[in-house]
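Below is one structure, written out as structure tokens, with a few remarks after it.
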């Protein structure tokens, strides 16, 4: 957050995800991507949602099968950890309980908003 009066901003994906996907694909990580990941930092605490077998479906947007989703999750955990982020795993549950968890954690990090 740039200013104290600004609200938190959530991103679905970030620069470190590029590194994770390149690792997953066995490709070399270009130096400019590594520099970007170091320069364009997010809050040190990052939410991560593990794959959830019971609700997982493949569709037009989600082309990975579940095994690849697990491998992707593991690559992201490794990448964000290597970049010194603290991961906050969002527990499974209803949409409402997951939303409440994220908002409560966000309030603990940033204070009331």
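Taken together, the values in this text are just the output of simple stated rules run on the coordinates, not laboratory data. Bear in mind the structure is a predicted one, so any value in this text is a computation, not a measurement. No Cβ is skipped: glycine too gets one built from the backbone with ideal geometry, and neighbour counts run over all protein chains shown.
Would you mind telling me which residue in 78, 41, 13 has the biggest mean-square fluctuation in a Gaussian network model of the chain, where springs connect alpha carbons within a distance under 10 angstrom?
13
Highest GNM mean-square fluctuation, the chain, Cα pairs closer than 10 Å: which of 95, 33, 19?
Its mean-square fluctuation being the largest, the pick is 95.
State, as an integer percentage, the relative contact order of the chain based on alpha-carbon contacts under 8 Å between residues 6 or more apart.
Worked out over the chain, it gives 31 percent.
In what sequence, highest mean first, do 53-61, 69-77 appear when ranked by Cβ atoms within 10 angstrom?
69-77, 53-61
Can you compute the modelled spin-label distance between residue 98 and residue 36, with each label point 7 Å from Cα toward Cβ, in nm?
Here the answer is 2.7 nm between the modelled labels.
With each pseudo-label sitting 7 Å past Cα toward Cβ, what's the residue 22-residue 87 distance in nm, one decimal?
Taking the two extended label points, one gets 2.0 nm.
Rg and Dmax in Å for the stretch 53-105, alpha carbons only: what are they?
13.4, 34
When the label point is put 7 Å from the Cα of residue 7 along its Cα-to-beta-carbon vector, which residues of the stretch 74-99 have a backbone N closer than 17 Å?
Output list for this probe position: 99.
Quote the Stokes-Einstein diffusion coefficient, in whole µm² s⁻¹, for the chain, based on the Kirkwood radius over alpha carbon pairs, a temperature of 20 °C and a viscosity of 1.002 mPa s.
136 µm²/s
For the chain, what is the calculated [θ] at 222 nm in deg cm²/dmol (nearest 500), taking -39500 (n - 2.57) for each run of four or more DSSP H residues and dividing by its residue count?
Computed ellipticity for the chain at 222 nm equals -14500 deg cm²/dmol.
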